[in-house]
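The values are calculated or read from the model by the stated rules, or taken from the named source; none is laboratory data. Computed from a predicted structure; not experimentally measured. With ideal geometry, Cβ positions are generated from the backbone for all residues, glycine too; neighbour counts draw on all protein chains shown.
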Amino acid sequence: MSKLDLLLLGGPDLTAVVARQAQASVAHYDDAYDALLELSRRPWPAVVLTAGREDFAGLCRACRRLQPQARLLVLCSPAQEAAIRPLRPALLDDYFVYPTTRDDWALLRGPFAAQAPGGELCALTPADFSALAGAARSLPALESQLASLVSARLRRTVRWVSREAVAPGQSGLLEIPGQAKMLVVGKDEAGDLSPRQRDMLANLAHALPGLVQAAMRAQSLHRLASTDHLTGVYNRRYFCQLTDQILLRAVQRRFRVTLLLYDMDNFKRYNDTYGHQAGDEILRETARLMRRTTRRQDIVARIGGDEFAVLFWDAEKPRQPNSRHPETPYVLADRFRQAVLQHEFRLLGAEAKGSLTISGGLARFPVDGTNCDELLRRADQALHEAKALGKNVIHLVGPET
């Protein structure tokens, strides 16, 4: 039996007891503000509060606003029961008088009635909400989980389409708030939904705003953690994570990978002459040029200052024996060098066209390194050799093989 995710606001001595009796994975918080912050981050299938806190009814209302789809439960003493009972069912789904037993928590494992718009009830299990909460790491993952759940319950094929693409006769089952997307079934399959199925859809629609908000927040945090704030390309830390993941796949699928490291020639002179605003614009436009010049699967990142890296890898299929993998990255890198040379950087004026250049170094996997750090070191060596050759050069470290 899979463990249920459960958030507990209460004393640490309760954590082990609740985890054992509810057969749950318990996230424990002593402080109410910390618990509310966590509830704002992602959906939870169940939230358990301990009675006796100041403004307890207000705390229940805050939890309910943050987690409208969660099962909200309270643990109280016999002396507190009289004060807790009036909060059910308007704010609470249920309450337990402790000490509790495993039988008290058994209701979390079966279907439960969740309030939907208009007072309708629907049967969804905590496992359903747990799966949706886990998928709320991004909108595509959430959409996929919702489609799978609805398809399984309706026993019909469903798909997401834009609102404008919903054809006459199609049935819109769910809509992603703020995204203009609708989950639909075909005209011939749309009818004869049972009351239970319609209740389930109503309940999911009620829970969707919180799930979408969590997914968008997760995507936003991921962007902040993985991208460079100035240029919008990946940062060094995330670039190395992706590179090492791709290198593992390269070993399994036997394809080759090449890393390009490049920087702007005499970049300090441009900063000193035209100012840092112009220097920042050079970096932004250079990043845009690189993304336009490379292939869809290639990974572009700012390593630091005016230094950038690109990972060239073959996403489509492994290379054939004796193929010359370095040729494609070299051609792409040199095409980018030419694009920078010919680009008119507006903040530098028309006379700057043709004078701004880059130098780069290429390092290959597995010849020059077996992880991101090793490839960056070898590419940096090639970059210094390119500078020694007179700049405005892309140099491959070591002999071509």
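For the reader, a short list of remarks on this structure follows.
- Segment 1-56: number of residues that are in a helix (DSSP H, G or I) and under 14 Å from LEU72 (Cα atoms): 4
- Residue list for segment 360-386, restricted to those being farther than 27 Å from ALA250 by Cα and buried (at least 17 other Cβ atoms within 10 Å of the Cβ): ALA386
- Single residue of segment 85-108 satisfying the filter (touching a Phe, Trp or Tyr at 6+ places or on another chain (Cβ under 9 Å) and part of a loop (DSSP other than H, G, I, E, B)) that is surrounded by the most Cβ atoms within 10 Å (Cβ to Cβ): ASP93
- Scan segment 62-77 for residues that are surrounded by fewer than 20 Cβ atoms within 10 Å (Cβ to Cβ) and at pLDDT 85 or above and the total you get is 2.
- Odd one out for CYS240, checked against (1) crowded, with 16+ Cβ neighbours inside 10 Å; (2) without any contact (Cβ under 8 Å) to a residue 60 or more places away in the chain: (2)
- Residue in segment 13-28 that is surrounded by fewer than 21 Cβ atoms within 10 Å (Cβ to Cβ), without any contact (Cβ under 8 Å) to a residue 12 or more places away in the chain and within 14 Å of ALA62 (Cα to Cα) present: no
- Filtered residues of segment 269-318 (kept if small (Gly, Ala, Ser) and out of contact with any helix residue (DSSP H, G or I) (no Cβ under 7 Å at 6 or more places or on another chain)): GLY275, ALA287, GLY305, ALA315
- Boolean, GLY232 is loosely packed, with under 15 Cβ neighbours inside 10 Å and at pLDDT below 80: no
- Residues of segment 152-176 that are charged (D, E, K, R) and either at pLDDT 85 or above or in a strand (DSSP E or B) (or both): ARG159, GLU175.
- Which numbered condition LEU59 misses (of (1) over 17 Å from LEU14 (Cβ atoms); (2) not in a loop (DSSP other than H, G, I, E, B)): (1)
- Applying the condition of being assigned to a loop (DSSP other than H, G, I, E, B) and buried (at least 16 other Cβ atoms within 10 Å of the Cβ) to segment 298-318 and asking which residue is modelled with the lowest pLDDT yields ASP314.
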